[in-house]
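The values are calculated or read from the model by the stated rules, or taken from the named source; none is laboratory data. Source: prediction; values computed, not measured. Glycine gets a Cβ as well: all are built from the backbone with ideal geometry, and neighbour counts include every protein chain shown.
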Amino acid sequence: MKIGFIGLGNMGAPMARNLLKAGHAVRVFDLDAQAVQALVDAGAQAAGSPKAAATDAECVMTMLPAAAHVRSVLSADDGVLAGIAKGVTIIDSSTIDPASVKAFAELAARHGNSFVDAPVSGGTGGAAAGTLTFMVGGSASAYEEVKPVLAAMGKNIVHCGDTGTGQVAKICNNLVLGITMAGVAEAMSLGEALGIDAKVLGGIINTSTGRCWSSDTYNPMPGVIDSAPSTRGYTGGFGTDLMLKDLGLATDAARFAHQPVYLGALAQQLYQTMSSKGAGRLDFSAVIKLYRDDGRDASNSNGGGA
């Protein structure tokens, strides 16, 4: 297929690469010229605007930081809706609020296009390996249409329900993720303070009832999991500010639904503290710095005493 892909960040770039590997013709746009060039070197075509990326495309995909970016990319004078043909489906894999998704779907529908929300889980490793989970919101027919495209980038493609339910699944998942990362950081730091070797403790947790993704794949203690961002100075992962944004989406949605999220609110404050200390660009597992060095140098990427 001819696919327009907009947003080449830590997740979007490897996703676009996997579309290329699957044999799709991909036209890419991003404000970062180096990110665009890297995809061109991999076989993609460069587009000068979202409109250009969408022109002649059979499918358009966006992977952007926030709802405001999606809105701009869709509706600007040089945006997607200015170039896309009627009947072409738009897939948005950004993590945004369900209400915005519904508004964007209505906007696209007025133009004659379907809009599917398909946020992802699996991190940068899953994006590179093509093993992401896609949580898809949209009609059954739209889901069947986009599934082959998503299958080039993910292992699990799940139809969650109507438009917006993909985002509901994503913010609930990331609510769990933010909370469990804080819990693992707290436990690993306590173990360190009490004198147990971090790898020994990590191994015990990962074969016991405390096992979770935040521990066995993304452990926040440097040196426990060789492939985790914590072992490379908390770089190249899922940023603290992005986790803070996602927890904000969860707490806002909970407020709308009159549903308490006690631990989510506490986790949000932990990541807010990290962000306020200048560590917003570090991987969110750097929250362990609040326990290991009390956040005095939270923006330091050397592992906080490692």
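Determine if region 15-25 includes at least one residue that is in a helix (DSSP H, G or I) and touching a Gly at 6+ places or on another chain (Cβ under 7 Å).
Yes, that holds for at least one residue.
Test Asp30 against the stated conditions and say whether it is within 23 Å of Leu242 (Cα to Cα) and charged (D, E, K, R).
Taking the combined requirement at face value, the residue satisfies it.
Say whether the condition of being touching a Ser or Thr at 6+ places or on another chain (Cβ under 9 Å), closer than 13 Å to Ala286 by Cα and in the same structural domain as Ser189 (by TED's automatic domain parsing) is met by at least one residue in region 244-260.
yes
Here is a yes/no grid of residues against (1) β-branched (Val, Ile, Thr); (2) out of contact with any Pro (no Cβ under 6 Å at 6 or more places or on another chain); (3) part of a helix (DSSP H, G or I); (4) surrounded by fewer than 14 Cβ atoms within 10 Å (Cβ to Cβ):
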| position | (1), (2), (3), (4) |
| --- | --- |
| Met135 | no, no, no, no |
| Glu145 | no, yes, yes, no |
| Ile157 | yes, yes, no, no |
| Thr163 | yes, yes, no, no |
| Val176 | yes, yes, yes, no |
| Ala185 | no, no, yes, no |
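Out of the residues in region 98-122 meeting the condition of being more than 13 Å from Ala85 (Cα to Cα) and among the aliphatic types (A, V, I, L, M), tell me which one is modelled with the lowest pLDDT.
Ala99
Only one of (1) at pLDDT 95 or above; (2) more than 21 Å from Leu190 (Cα to Cα); (3) of a type in the set (Gly, Ala, Ser) is not met by Gly236, so which one is it?
It fails just one condition, (1).
Are any of the residues in region 35-53 under 21 Å from the mean Cα position of the chain (by Cα) and within 23 Å of Gly87 (Cβ to Cβ)?
Initial filter on region 35-53 (under 21 Å from the mean Cα position of the chain (by Cα)): 35-36, 38-39, 50.
Among the residues that remain, those that are also within 23 Å of Gly87 (Cβ to Cβ) are: 50.
There is at least one residue in region 35-53 that is under 21 Å from the mean Cα position of the chain (by Cα) and within 23 Å of Gly87 (Cβ to Cβ).
Looking at (1) surrounded by 21 or more Cβ atoms within 10 Å (Cβ to Cβ); (2) in contact with a Pro (Cβ under 9 Å, 6 or more places away or on another chain), which is the one condition that is false for Leu201?
Tallying (1) surrounded by 21 or more Cβ atoms within 10 Å (Cβ to Cβ); (2) in contact with a Pro (Cβ under 9 Å, 6 or more places away or on another chain), Leu201 fails exactly one: (2).
Please pick out the residue among Ala46, Ala57, Ala67, Ala16 that is surrounded by fewer than 18 Cβ atoms within 10 Å (Cβ to Cβ) and either basic (Lys, Arg) or free of Cβ contacts under 8 Å to residues at least 60 places away in the same chain (or both).
Numbers: Ala57 fails: surrounded by fewer than 18 Cβ atoms within 10 Å (Cβ to Cβ); Ala67 fails: surrounded by fewer than 18 Cβ atoms within 10 Å (Cβ to Cβ); Ala16 fails: surrounded by fewer than 18 Cβ atoms within 10 Å (Cβ to Cβ).
Selected residue: Ala46, the only one of Ala46, Ala57, Ala67, Ala16 that is surrounded by fewer than 18 Cβ atoms within 10 Å (Cβ to Cβ) and either basic (Lys, Arg) or free of Cβ contacts under 8 Å to residues at least 60 places away in the same chain (or both).
Does region 104-132 hold any residues that are among the aliphatic types (A, V, I, L, M) and either touching a Lys or Arg at 6+ places or on another chain (Cβ under 7 Å) or surrounded by 19 or more Cβ atoms within 10 Å (Cβ to Cβ) (or both), and which are they?
If the condition is that a residue be among the aliphatic types (A, V, I, L, M) and either touching a Lys or Arg at 6+ places or on another chain (Cβ under 7 Å) or surrounded by 19 or more Cβ atoms within 10 Å (Cβ to Cβ) (or both), then Ala105, Ala108, Val116, Ala118, Val120, Ala127, Leu132 are the ones that fit.
For region 43-77, which residues satisfy the criterion of being touching a Lys or Arg at 6+ places or on another chain (Cβ under 7 Å) and not small (Gly, Ala, Ser)?
Scanning region 43-77 gives Gln45, Asp56, Glu58.
Working carefully through the options Asp293, Asp216, Asp283, find the one that is surrounded by fewer than 16 Cβ atoms within 10 Å (Cβ to Cβ) and either more than 18 Å from the chain's Cα centre (by Cα) or at pLDDT 95 or above (or both).
So the residue among Asp293, Asp216, Asp283 that is surrounded by fewer than 16 Cβ atoms within 10 Å (Cβ to Cβ) and either more than 18 Å from the chain's Cα centre (by Cα) or at pLDDT 95 or above (or both) is Asp293.
If you go through region 252-269 one residue at a time, how many are at pLDDT 95 or above, assigned to a helix (DSSP H, G or I) and not hydrophobic (A, V, I, L, M, F, W, C)?
Total satisfying the criteria: 4.
Of all the helices (runs of 4 or more DSSP H) wholly in region 61-121, which have at least 3 residues that are under 19 Å from the mean Cα position of the chain (by Cα) and under 15 Å from Gly137 (Cβ atoms)?
98-111
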